[in-house]
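Read the structure below first, then the notes.
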Amino acid sequence: MFKKIEIWILYLILLLSFLFAIGFGTLVRQELIGTTKLGAVSKTALFLSEIPVYVRDIFVPINERKDKHPELKGFEGTPNSDETYILLSIYDGDLKDGLVKLIDLTNFNELHVWNPNINEFNDLIDKKDEFKYLNRDKNDKRSFFRHPKLTQEGALLIKEYSPLRKIDSCSNLIFQNTHDIFHHSLETDSDGNIWIPSIMYPQSLSSEKIGNQIKEEGGYFDDAIVKMSPDGEILYEKSVSQIFIDNGLEYLLFSVGDANSSRIHSFDADPIHLNDIQPVMEDSEYWKKGDVFLSLRHQSMILLYRPSTNEIIWKDTGKYFQQHDVDILDDHRISVFNNNSRNYKVRNTVEGNNEIIIYDFKKDEYSTYLSDSLEKENVRTITEGLSEILPNGDLFVEESNFARTLYFNADGSLRWSHVNRAENGQTYIIGWSRILYTKEDIELVNTFLSTKGTCNE
């Protein structure tokens, strides 16, 4: 039934296949590093090589989370006695959509829900390079919002590797800033200006150093700090890589990898991974109003940076491993959510459990906060995560990888927890929910509730 194939024909096919693989790989590599002179040919090769990734991005449900707490669903425990609220950002596994819920933590009642139509917002974006995949990728991550922020006028700021969007109480679009891709934290300073990480494109560094590909195509993550007015105008932007270079730290960007290797992955495309910008609200002995604290996950580093002079005032490494979320506690102390995770050869894992590390500038001392409680509850998110130490000593923690939010009393006892679980039993992503507890926060919420009106379904 089968015809004999001459052995020389088989060898020829194998040789041609080998040569094609080499040529194809060369075209892909040249396109990635920005040295190609073959234009459409190399671009086509890169496109073909990424088809498996495209298929994944279109169809794979990436918002599902590991289930470490099968016995838990929704809120469990005792509500808060003091007036507090939470902006709970979740992917709803039943609705298959992203939601932000305003919850009263004194009774766990749902007071308001935002459910914006991201597809409609994406349709309004000019198809510039850094946003060209927003309308193509149909996976569920496009409908997810990390670290939402309620504004003074009762609007909500949302984003997640997307434009920054401001929406009203009925989830209608007020504006979206498409200057760059925005990600991770979102904070406002004492003047109401927005501080937010972005990925600059075109990148600030030369293509000879980093190539010219966008993030989605394997290009360099040129993380930047951005200051934006409440109306969405860019007031300040600075590449963190350029900050490193300007302050004599370029060696931290380009000294990782095998210098003798020709492999493309010997180059680290994401050496910074900025995940938090915390603006300084007032002067102290150790910082000035207008400074910003930065959390750089892939450097396991906390920076105090002064935009007005382009100076790194202070930097700290060695106590944190792939941390998130730096907070200012008072005029001389900061807290950091230490993931305590390591990139071992076998896997990325948490050593022990997550920690809350406090650094005291006045005493030059480190301490941990409620470590026994975090260990008892087995809080171990490898990536993501955040914490907030309240003035009364209570502790709010998000164990992001496992879709769990926890609230501890000052004595370390667990007051309540929340797990984002759908009716089918699957847990889904949560997005750096924001606890609202200050006098200003409470006034903001009460004003919003009294003025928001009603919305059409």
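The values are calculated or read from the model by the stated rules, or taken from the named source; none is laboratory data. Note that this is a predicted model, so its numbers are computed, not measured. Because the Cβ atoms are built from the backbone with ideal geometry, glycine has one as well, and the counts that use them run over all protein chains shown.
Scanning the range 61-107 for residues that are among the hydrophobic types (A, V, I, L, M, F, W, C) and within 16 Å of Thr427 (Cα to Cα), which turns out surrounded by the fewest Cβ atoms within 10 Å (Cβ to Cβ)?
The selected residue is Leu95.
Taking first residues from the range 295-321 that are touching a residue at least 60 places away in the same chain (Cβ under 8 Å) and closer than 14 Å to Phe244 by Cα and partners that are surrounded by 17 or more Cβ atoms within 10 Å (Cβ to Cβ) and of a type in the set (Phe, Trp, Tyr), the Cβ contacts under 6 Å between residues at least 6 apart in sequence or on separate chains come to Ile312/Tyr305. In the set (1) modelled with pLDDT under 90; (2) in a strand (DSSP E or B), the condition left unmet by Asn119 is number (2). Tell me which residues, restricted to the range 411-457, are in contact with a strand residue (DSSP E or B) (Cβ under 7 Å, 6 or more places away or on another chain), farther than 16 Å from Asp104 by Cα and among the small types (Gly, Ala, Ser). Result: Ala422, Gly431. Specify which of the listed residues (Glu443, Glu457, Glu355, Glu375) is surrounded by fewer than 12 Cβ atoms within 10 Å (Cβ to Cβ) and modelled with pLDDT of 95 or more. Selected residue: Glu443, the only one of Glu443, Glu457, Glu355, Glu375 that is surrounded by fewer than 12 Cβ atoms within 10 Å (Cβ to Cβ) and modelled with pLDDT of 95 or more. Among the residues of the range 425-457, those that are assigned to a loop (DSSP other than H, G, I, E, B), over 27 Å from the mean Cα position of the chain (by Cα) and not hydroxyl-bearing (Ser, Thr, Tyr) comprise Lys452, Gly453, Cys455, Asn456, Glu457.
Only residues that are in a helix (DSSP H, G or I) and not small (Gly, Ala, Ser): list them for the range 400-424, please. Result: Asn401, Phe402.
Each row is one residue, and each column tells you yes or no for (1) over 26 Å from Ile313 (Cα atoms); (2) part of a loop (DSSP other than H, G, I, E, B); (3) not basic (Lys, Arg).
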residue	(1), (2), (3)
Ser190	no, yes, yes
Pro197	no, no, yes
Leu205	no, yes, yes
Gln213	yes, yes, yes
Ile225	no, no, yes
Asp231	yes, yes, yes
Leu235	no, no, yes
Ser241	no, no, yes
Phe244	no, no, yes
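Cβ-Cβ contacts under 8 Å between residues 6 or more apart (or on different chains), taken from a first residue in the range 94-106 that is closer than 17 Å to Lys159 by Cα and in a strand (DSSP E or B) to a second residue that is modelled with pLDDT under 95 and aliphatic (A, V, I, L, M), are listed as Gly98/Ile118. Exactly one residue among Val256, Val240, Val292 is surrounded by fewer than 20 Cβ atoms within 10 Å (Cβ to Cβ) and among the hydrophobic types (A, V, I, L, M, F, W, C), and that residue is Val256. Contact map, the range 381-409: first residue closer than 15 Å to Leu329 by Cβ, second residue basic (Lys, Arg) and surrounded by fewer than 20 Cβ atoms within 10 Å (Cβ to Cβ), Cβ cut-off under 9 Å, separation 6 or more or different chains; pairs are Asp394/Arg415.
The residue that is surrounded by the fewest Cβ atoms within 10 Å (Cβ to Cβ), counting only those in the range 382-405 that are among the small types (Gly, Ala, Ser) and out of contact with any Gly (no Cβ under 7 Å at 6 or more places or on another chain), is Gly393.
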